[in-house]
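The values are calculated or read from the model by the stated rules, or taken from the named source; none is laboratory data. Keep in mind that what you see is a predicted model, and the values were worked out from it rather than measured. Note that each Cβ is placed from the backbone with ideal geometry, even for glycine, and that neighbours are counted across all protein chains shown. What goes into the accessible areas is simple: the full protein's heavy atoms, side chains included, and nothing from ligands, DNA or RNA. Shrake-Rupley method; radii C 1.70, N 1.55, O 1.52, S 1.80 Å.
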Amino acid sequence: MKALSQKRRHPLAAIALLLLGLMLTGGLYAAATTVNQAKADTTTFSAQDTKEGQKLFVANCATCHGMGAGGSPTGPSLVGVGAAAVDFQVATGRMPLEANGPQAQEKPRQFNETQTKQLAGYIASLGAGPAIPEEHYLDGKGNAATGGELFRVNCAMCHNAAAAGGALTRGKFAPALAGVSSQHIYEAMVTGPQNMPVFNDANITPDDKRDIITFLQTIDASGSPGGADLGSLGPVSEGLFIWVAGLGVVIAFTIWLTSRTS
Amino acid sequence: MGDHSDGTEAHSRAVARAGHGEVDKFQDPGLPPHRLRLADTNPKAAKRAERQVAALFGISVIGTLLFFFAYFGVRLDNTISTLRLQNLLLGLGTGFAMLGIGTGIVHWARALMPDHEVSEERHAIRTEADRVGAEKIVGDILEETGIKRRPLIRNTLLGALVLAPLPAIAIFRDLGPLPADALRHTMWKTGTRLVRDPTGTPIKAADVTIGSAYHVIPEGLNELKEGKLEAKSKAVVLLMRLNPEELHPSPGREDWGYNGIVAYSKICTHVGCPVALYEQQTHHLLCPCHQSTFDLTRECKVIFGPANRPLPQLPIKVDSEGYLVAQSDFHEPVGPSFWERG
């Protein structure tokens, strides 16, 4: 103790103290914020996957995303987007992009499962990012009621209250969610593809995401209790129906009422 | 029955010929010749029409029976599908019950009831005798009531008439308190934490990664005993983070965000729909009702649609524990314009 108090006034003491403080706050900060960072990938990629993935990447993706996936004027950098982003974009056929447009369209996938995994492994090896979700978050055994509430607060404004999708600006749109695999829905939430905002695990916890997926599976399975849903597009399709069919019947009756009998 | 014109040759197609110096003038061409219907001439057709009308009334009877079958016959077992079946049959039953009677009566009238064309002359609009008579009645009333002779009665009546509607003002006033300054303030106060909607958990600044969108309510809203929805409808906020270089805050508002995290009112300045569609690449906020579009990078300036003012920004900062808190309430009223807004 005496030694310490003697060195207290040493010219370097202030610097040492500052360094200690910085390391402490930095360490605490890192520990506190890890919730955002990718946890260890649950799908493990072998060195072989990464190598094959790099070959596929160079052949198919590097034109836009750059040789090292560092991005180019035509495509964003993929460092740190994580395996989840690759799995979502490639397995739904959105990437490789077929044509430039307001947004990448879903289409038949161009890479099989193994190739997708290899690509994901390569991209994941470039920097930590959201991993492919664990199986038990996708099982649809969460709480559908909680999921429904979360869906209405966070998702329904773009994807429609019945998850039937909706329009955005200049040709962009939020797709319908019926028939989309639970894994892709989860991945879309954590990665925020294209114009969708990111809903990281700090915002919507993995268990909450499981509830949302359960809700979507429930409404998918229960169908429309109120009869034909006309695409669940609300006043657009319902209005069109009643204007055409409803007014059509009214007009037909009017003509019948005023026509002469033979 | 008035003039019963049967449209003989003498009446129809009579066009006046213009004589010298006369104005061309149409004469009433009358009605086209009456055409007999099949049922008027053919007893078989009449019989058939009679059966058709009866069949339509029969459909109505079946519809009513269907209603009672659905009401008593369909067992509700607490599943949505039986309820749906019952509702469908109830609707179809009532529908056909009404439609059968309606179409039956119309068909009856069209096919079997007499259909002679009839025209009725218009009455004279006013005769001088009527006018004088009415004038006399008014005069008599004034005379008999003596309202001119008794000004006390007249004046008290006028006073009573003026005062009588006044209670209505009090009654309508009681429909609700005037909003006072409720439209100008929300639940946000200095130091109110931003919490997630609907769970009510606070938000760490570090958790809001770039591209994120959080739907936010003020802390304590979920615990409100009354007026929760009213408070929520004013205080909801959308929290987003973008690259700080993309934001262009105006002078005096530079510190309203935190490292690119900004919070804006979710209530559209047009008619108050929730503006919650966020495009994280273009940084546009869209209102789902009338497509008003706000540019987040320029303090939510309106770039499309009917909204007139930018969305109000909620100034935020970080408290000692790293959670996001409000610096103050909104600096202007949220939501659509109102008269006293100024």
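Charged side chains reduced to their Cβ positions (Lys and Arg at +1, Asp and Glu at -1) give the stretch B:131-173 a dipole of some 160 debye around its Cα centre. What the stretch A:47-126 shows is 51 Å² of accessible area per residue, with the surface traced by a 1.4 Å probe over protein heavy atoms. Straight Cα distances below 26 angstrom link residue B:148 to the lysines B:136, with same-chain residues fewer than 8 positions distant left out. Here the relative contact order of the stretch A:143-262, from alpha carbon pairs under 8 Å that lie six or more residues apart, stands at 27 percent. Placing R0 at 22 angstrom, the Cβ-Cβ distance between residue B:183 and residue B:328 gives a FRET efficiency of 0.80 after rounding to 0.05. Relative contact order of chain A, taken over Cα pairs closer than 8 Å and 6 or more residues apart, is 18 percent. The Rg/Rh ratio of the stretch A:47-126, with both radii computed over alpha carbons and Rh defined as the Kirkwood radius, is 0.93.
In vacuum, with every alpha carbon of chain B counted as one equal point scatterer, what does the Debye formula give for log10 I(q)/I(0) at q = 0.06, 0.15 Å⁻¹? Two decimals, please. Debye curve over Cα of chain B, log10 I(q)/I(0) at q = 0.06, 0.15 Å⁻¹: -0.66, -1.19.
Only the Cβ atoms of Lys and Arg (+1) and of Asp and Glu (-1) were treated as charged; on that basis the dipole of chain A about its Cα centre amounts to roughly 1080 debye. Springs between Cα atoms under 10 Å define the GNM used for chain B, and in it the highest mean-square fluctuation of B:309, B:37, B:298 occurs at B:37.
Taking the 1.4 Å solvent-accessible surface of the protein assembly as shown as the whole, the part contributed by carbon and sulfur is 63%. Three semi-axes describe the equivalent ellipsoid of the stretch B:232-342; taken as square roots of 5 times the Cα gyration tensor eigenvalues and ordered largest first, they are 22, 17, 13 Å. Assigning unit charges at the beta carbon (Lys, Arg +1; Asp, Glu -1) and nothing else, what dipole magnitude in debye, to the nearest 20, does the stretch A:47-126 show about its Cα centre? Charge dipole, the stretch A:47-126, about its Cα centre: 80 debye, nearest 20.
Stokes-Einstein D for chain A at 37 °C, 0.692 mPa s, Kirkwood Rh over Cα pairs, in µm²/s? Once the numbers are plugged in, D ends up at 148 µm²/s.
Among the residues of B:211-220, the average count of other protein chain beta-carbon atoms within 10 Å of the residue beta-carbon is 4. In a DSSP loop and with at most 11 other Cβ atoms within 10 Å, the GluC sites (Glu not before Pro) in the stretch B:292-342 are B:321. Taking the centroid of alpha carbons for each part, the stretch A:101-166 and the stretch B:263-342 are 28 Å apart. Taking all protein chains together, A:173, B:26 sort by accessible area into B:26, A:173, largest first [probe 1.4 Å].
Short-range pairs are left out: with C-alpha atoms under 8 Å and at least six residues apart, the relative contact order of the stretch B:161-228 is 27 percent.
For the chain pair B and A, the interface hides roughly 3000 square angstrom of accessible area in total, found with a 1.4 Å probe. The candidates A:159, B:248, arranged from most to least accessible area with a 1.4 Å probe in the full protein assembly, appear as B:248, A:159. Accessible surface for residue B:57 stands near 70 Å², nearest 10, in the context of the full protein assembly shown (1.4 Å probe). Distance from the Cα centroid of the stretch B:178-231 to that of the stretch B:33-99 is 56 Å (rounded to whole angstrom). Here's the picture: charge each Lys and Arg Cβ at +1 and each Asp and Glu Cβ at -1 in the protein assembly as shown, and of A:234, A:221, B:205 the one pushed furthest to the positive end of that dipole is B:205. Going from the isolated chain to the complete set of protein chains, the stretch A:139-159 loses at least 20 Å² of heavy-atom accessible area (1.4 Å probe) at A:149, A:150, A:153, A:154, A:157, A:158. For the set B:289, B:268, the ranking by accessible area, highest first and with no ligand, DNA or RNA atoms included, is B:289, B:268 under a 1.4 Å probe. Along the axis of the charge dipole computed for chain B (Cβ charges of +1 for Lys and Arg, -1 for Asp and Glu, origin at the Cα centre), the listed residues B:31, B:69, B:119 are led at the positive end by B:69. Here the Kirkwood formula, the inverse mean of 1/r across different C-alpha pairs, assigns the protein assembly as shown a hydrodynamic radius of 32.3 Å. Accessible area per residue for the stretch B:38-111 is 67 Å², calculated with a 1.4 Å probe on protein heavy atoms, without ligands, DNA or RNA. Under 5 Å from the amide H of residue A:127 lie the amide H atoms of A:80, each residue being 5 or more positions distant or on a separate chain, with H modelled from the backbone and absent for Pro and chain starts. Taking 19 Å as the limit for the C-alpha separation, the pairs B:204/B:225; B:204/B:317; A:209/B:228; B:234/B:266; A:209/B:225; A:117/A:209 exceed it in the case of B:204/B:225; A:209/B:228; A:209/B:225; A:117/A:209.
When the Cα positions of A:45, A:74, A:56 are compared along the charge dipole of chain A, A:74 comes out farthest toward the positive end, with charges on each C-beta of Lys, Arg, Asp and Glu.
Note on residue B:337: accessible area approximately 70 square angstrom, rounded to 10, probe 1.4 Å, nucleic acids and ligands left out. First check a/c for the stretch B:38-111, with a ≥ b ≥ c the square roots of the eigenvalues of its C-alpha gyration tensor; if it is under 1.5, answer rounded, and if not, answer prolate when a/b is larger than b/c or oblate otherwise. It is prolate, given that a/c is not under 1.5 and a/b is the larger ratio.
Other residues within the sphere of radius under 9 Å centred on the Cβ of residue A:142, judged by their own Cβ, net out at -1 (K and R +1, D and E -1).
Per-residue shielding of A:192-205, expressed as the average number of other chain Cβ atoms within 10 Å of the residue Cβ, stands at 6. Before rounding to the nearest 500, sum -39500 (n - 2.57) across all DSSP H runs of length at least 4 in the protein assembly as shown and divide by the residue total; then give [θ] at 222 nm in deg cm²/dmol. Value at 222 nm, helices only, nearest 500: -12500 deg cm²/dmol.
A 1.4 Å probe, protein heavy atoms only, puts the accessible area of residue B:138 near 90 Å².
Here the protein assembly as shown carries DSSP beta bridges of which approximately 95% are antiparallel, counting only pairs with both residues inside.
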